[in-house]
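Report on the structure given below.
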Amino acid sequence: MPLWYRRYGSVFRTMMLGSRIWVVTDLDALRGPLRDEGAYLEIPFKAFQRLVSAESFLNRPGVHGPWRKIFSATLAPPRLAAMVPKIAQLMQSHLSKWEEQGQVTIFRAARVMGVDLAVDVILDIKLLDGTDRAWVKSQVEDYLDGLYGLPLNLPGSTLSKALAARARLVEVFLRQPDVAAMQAQFVQEWEAIGKSPQAYAAAVLDQHTSTGDKPAGVAAEEEPSGKAAGAPTPAAPGSRPAVLPPSIMTAQLMGRAMLKPSELADGAMSLLHMLVASADTTRFALFNTWTLLAMSPRVQDKLYEEQKKVMAEYGEELSYAATCHMPYMDATLKECMRLLPASAGGIRKLTADMQVGGYTVPAGEYVWYHAGLMHYIDPVLWDGDTSVDVPAHMDWRNNFEGAFRPERWLSEETRPRYMFTFGTGAHLCIGMNLVYLEVKLLLSMVLRKYRLRLHTPDMLLRCERLFPFFLPAKGTDTVLLEPR
């Protein structure tokens, strides 16, 4: 990618998974599309479209804002704080298995943990009909594997397996009484409120504000009265209608209702779509962060010293408050996501011509702001020299200690201006803070006891694939846990 930029400048055209895409690095030209002006969010890859649905409700006028408000309330700080005990418990179960071996195969481990967190914590999927959770998670993996594969529905292909897994998962989710009950309740509320996303979001948030969040650590299984926590509080006379509380499912059901009349399958598909967003984002954030840290004893030691201060102030038990007072950890995670982004950026489909770099990119084309490439040309870090293949601040292959410097985030003078790993503008990833929380919790647990070291020091150099994610060569991704 850096070589392409050096050759073609701020705009060039390429093929990606069978789709033509214009890579654009001119931030001024991108400002409109990033605000959904003259463009909308759409993933062009055929396999992804078949598995997730080609049409997105986020492109419907007036839907994105209300949807985002509900979703944001779902992941507000009090909600994140309440998740910490369950996240930590799940992570400890994984860590205990790694400790027995004294090592972890990090690429596979990150995938398994990402799926576990998505199914068991973030979406908290209840399987009340006795369906085996391990089998469900295996189907989730098959489904995720097909998203960025070749769009060939042949026997045994990744797409064929993914389509079959999707059908099985939808069938399982539809059997769960909670899913059916929530969808039916939403339909009643949606019709009562006039099918207005603005009015529905306002009702959800008003109710959320008036009732308040539970304190961190309080279970949401059942209210003292015996009424399910998900059930709405009866509306007072003259107030807005009682509605579902803010949740990922609530936001998704409202969005899907803007595409077509709500039906039972919408609840199942809402779960499936959010598995895509949550599981793989966590997976690649974990893998990329662990890999870079295992290559830097210096940064590990500084994180360890910070953890000792955190334990002295907050105790050994990890809490949300403790994670909010780890400035060097925060800087390290940002630096990891700058150097090895957990996502490839964002894609927009143009509805109007775009002028960039002396070219006209016509309406109907796809434009892609590539996170890694945008970080290459960060105006704070890059001097504009195109004579080198890779600028020093991104050259982890030949200049690792100079490229991987969390300290740059601790000063206003050196703080990078560009950070596109989790998107930007109107579509900045709402789950970003959740991902950071997950990684901070796991690293805190591990670095308090162990040093990390790659068994194969040149693992990144030997990766077999870089898009849409780093794929390590078989047998090279073992991370050793060395007791302190």
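Would you mind telling me which numbered condition in (1) in contact with a Lys or Arg (Cβ under 7 Å, 6 or more places away or on another chain); (2) surrounded by 15 or more Cβ atoms within 10 Å (Cβ to Cβ) residue 359 fails?
(1) is the only condition that residue 359 fails.
Consider the range 191-201. How many of its residues are within 17 Å of residue 65 (Cα to Cα) and touching a helix residue (DSSP H, G or I) at 6+ places or on another chain (Cβ under 6 Å)? Quick ask: steps written out before the conclusion?
To start, the set of residues in the range 191-201 that are within 17 Å of residue 65 (Cα to Cα) comprises 195-201.
The next check asks that each one be touching a helix residue (DSSP H, G or I) at 6+ places or on another chain (Cβ under 6 Å); those that pass are 197-198, 200-201.
Residues in the range 191-201 being within 17 Å of residue 65 (Cα to Cα) and touching a helix residue (DSSP H, G or I) at 6+ places or on another chain (Cβ under 6 Å): 4 in total.
Looking at the range 1-14, is at least one residue crowded, with 18+ Cβ neighbours inside 10 Å, touching a residue at least 40 places away in the same chain (Cβ under 8 Å) and closer than 30 Å to residue 269 by Cβ?
Within the range 1-14 (the criterion being crowded, with 18+ Cβ neighbours inside 10 Å, touching a residue at least 40 places away in the same chain (Cβ under 8 Å) and closer than 30 Å to residue 269 by Cβ), the answer is no, since none of the residues qualifies.
Filter the range 401-417 for residues that are surrounded by 15 or more Cβ atoms within 10 Å (Cβ to Cβ) and touching a Ser or Thr at 6+ places or on another chain (Cβ under 9 Å); which is farthest from residue 282 (Cα to Cα)?
Step by step, filter the range 401-417, then rank; the result is 408.
So, of the residues in the range 126-151 that are farther than 23 Å from residue 249 by Cβ, assigned to a loop (DSSP other than H, G, I, E, B) and in contact with a helix residue (DSSP H, G or I) (Cβ under 6 Å, 6 or more places away or on another chain), which turns out to be modelled with the highest pLDDT?
146
Yes/no per residue for (1) free of Cβ contacts under 8 Å to residues at least 40 places away in the same chain; (2) surrounded by 19 or more Cβ atoms within 10 Å (Cβ to Cβ); (3) out of contact with any Phe, Trp or Tyr (no Cβ under 6 Å at 6 or more places or on another chain):
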site	(1), (2), (3)
86	yes, no, yes
90	yes, no, yes
93	yes, no, yes
131	no, no, yes
143	no, yes, yes
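Checking residue 78 against (1) over 19 Å from the mean Cα position of the chain (by Cα); (2) within 27 Å of residue 158 (Cβ to Cβ), which single condition isn't satisfied?
The single condition residue 78 does not satisfy is (2).
Would you mention how many residues in the range 80-106 are assigned to a helix (DSSP H, G or I) and either at pLDDT below 95 or aliphatic (A, V, I, L, M) (or both)? So that I can check it myself, show each step before the final result.
Our first condition is that a residue be assigned to a helix (DSSP H, G or I); within the range 80-106, this holds for 80-101, 106.
Imposing the further condition that a residue be either at pLDDT below 95 or aliphatic (A, V, I, L, M) (or both) reduces the set to 80-84, 87-88, 90-91, 95, 106.
Selection size over the range 80-106: 11.
Being of a type in the set (A, V, I, L, M) and assigned to a helix (DSSP H, G or I) narrows it down to one of 480, 441, 452, so name that one. I'd like the intermediate steps shown before the answer.
Numbers: 480 fails: assigned to a helix (DSSP H, G or I); 452 fails: assigned to a helix (DSSP H, G or I).
The unique qualifying residue is 441.
Name the residue that is modelled with the highest pLDDT, counting only residues in the range 428-445 that are more than 10 Å from the chain's Cα centre (by Cα) and surrounded by fewer than 18 Cβ atoms within 10 Å (Cβ to Cβ).
The initial filter retains those residues of the range 428-445 that are more than 10 Å from the chain's Cα centre (by Cα), namely 428, 437-445.
Next, only the ones that are surrounded by fewer than 18 Cβ atoms within 10 Å (Cβ to Cβ) stay: 428, 445.
Working: 428: 88, 445: 98.
Out of the qualifying residues, it is 445.
Which is within 30 Å of residue 169 (Cβ to Cβ) and hydrophobic (A, V, I, L, M, F, W, C), of 88, 29, 39?
88
If you scan the range 395-430, which residues turn out to be farther than 30 Å from residue 37 by Cβ and assigned to a helix (DSSP H, G or I)? Lay out the reasoning, then the answer.
So the first thing to find is which residues in the range 395-430 are farther than 30 Å from residue 37 by Cβ, and the list is 395-414.
Within the range 395-430, 400, 401, 402, 403, 406, 407, 408, 409, 410 qualify.
Does residue 64 fit the bill of being crowded, with 19+ Cβ neighbours inside 10 Å, over 17 Å from the mean Cα position of the chain (by Cα) and of a type outside the set (A, V, I, L, M, F, W, C)?
Working: crowded, with 19+ Cβ neighbours inside 10 Å: yes; over 17 Å from the mean Cα position of the chain (by Cα): yes; of a type outside the set (A, V, I, L, M, F, W, C): yes.
In short, yes.
For the range 154-167, how many residues are buried (at least 16 other Cβ atoms within 10 Å of the Cβ) and of a type outside the set (Val, Ile, Thr)?
Qualifying residue count for the region: 8.
Of the residues 357, 345, only one is in contact with a His (Cβ under 6 Å, 6 or more places away or on another chain) and at pLDDT below 90; which?
On the way: 357 fails: in contact with a His (Cβ under 6 Å, 6 or more places away or on another chain).
Answer to the check: 345.
Are any of the residues in the range 259-266 at pLDDT below 95, in a helix (DSSP H, G or I), out of contact with any Phe, Trp or Tyr (no Cβ under 6 Å at 6 or more places or on another chain) and surrounded by fewer than 17 Cβ atoms within 10 Å (Cβ to Cβ)? Even if it seems obvious, please write down each step before you answer.
Residues of the range 259-266 at pLDDT below 95: 259-266.
Remaining after also requiring in a helix (DSSP H, G or I): 264-266.
Subsequent filtering for residues that are out of contact with any Phe, Trp or Tyr (no Cβ under 6 Å at 6 or more places or on another chain) retains 264-266.
Now restrict to residues that are surrounded by fewer than 17 Cβ atoms within 10 Å (Cβ to Cβ): 264-265.
Yes: one or more hits.
I'd like the full set of residues that are closer than 17 Å to residue 249 by Cα and of a type in the set (D, E, K, R), limited to the range 104-125.
Residues satisfying the conditions are 120, 124.
Answer yes or no as to whether residue 61 is closer than 28 Å to residue 369 by Cβ, free of Cβ contacts under 8 Å to residues at least 40 places away in the same chain and outside any helix (DSSP H, G or I). Break it down stepwise before answering.
On the way: closer than 28 Å to residue 369 by Cβ: yes; free of Cβ contacts under 8 Å to residues at least 40 places away in the same chain: yes; outside any helix (DSSP H, G or I): yes.
Answer is yes for this residue.
Only residues that are touching a residue at least 24 places away in the same chain (Cβ under 8 Å) and assigned to a helix (DSSP H, G or I): list them for the range 42-58, please. Working first, answer last.
Residues of the range 42-58 that are touching a residue at least 24 places away in the same chain (Cβ under 8 Å), as a first pass: 42-48, 50-53, 55, 57-58.
46, 47, 48, 50, 51, 52, 57, 58 - these are the residues of the range 42-58 that are touching a residue at least 24 places away in the same chain (Cβ under 8 Å) and assigned to a helix (DSSP H, G or I).
In this structure, is residue 331 out of contact with any strand residue (DSSP E or B) (no Cβ under 6 Å at 6 or more places or on another chain) and under 28 Å from residue 56 (Cα atoms)?
Numbers: out of contact with any strand residue (DSSP E or B) (no Cβ under 6 Å at 6 or more places or on another chain): yes; under 28 Å from residue 56 (Cα atoms): no.
Against the criterion (out of contact with any strand residue (DSSP E or B) (no Cβ under 6 Å at 6 or more places or on another chain) and under 28 Å from residue 56 (Cα atoms)), residue 331 does not qualify.
Kindly indicate which of 181, 228 is of a type in the set (Gly, Ala, Ser), within 28 Å of residue 139 (Cβ to Cβ), exposed (fewer than 15 other Cβ atoms within 10 Å of the Cβ) and modelled with pLDDT of 65 or more. First the steps, then the outcome.
Numbers: 228 fails: modelled with pLDDT of 65 or more.
Step by step, each of 181, 228 is checked, and only 181 is of a type in the set (Gly, Ala, Ser), within 28 Å of residue 139 (Cβ to Cβ), exposed (fewer than 15 other Cβ atoms within 10 Å of the Cβ) and modelled with pLDDT of 65 or more.
Of the conditions (1) among the hydroxyl-bearing types (Ser, Thr, Tyr); (2) surrounded by fewer than 16 Cβ atoms within 10 Å (Cβ to Cβ); (3) farther than 28 Å from residue 465 by Cα, residue 74 fails just one. Which one is it?
(2)
The values are calculated or read from the model by the stated rules, or taken from the named source; none is laboratory data. Small disclaimer: the values here were computed from a predicted structure and weren't measured. Positions of Cβ are backbone-derived with ideal geometry, glycine not excepted, and every protein chain shown enters the neighbour counts.
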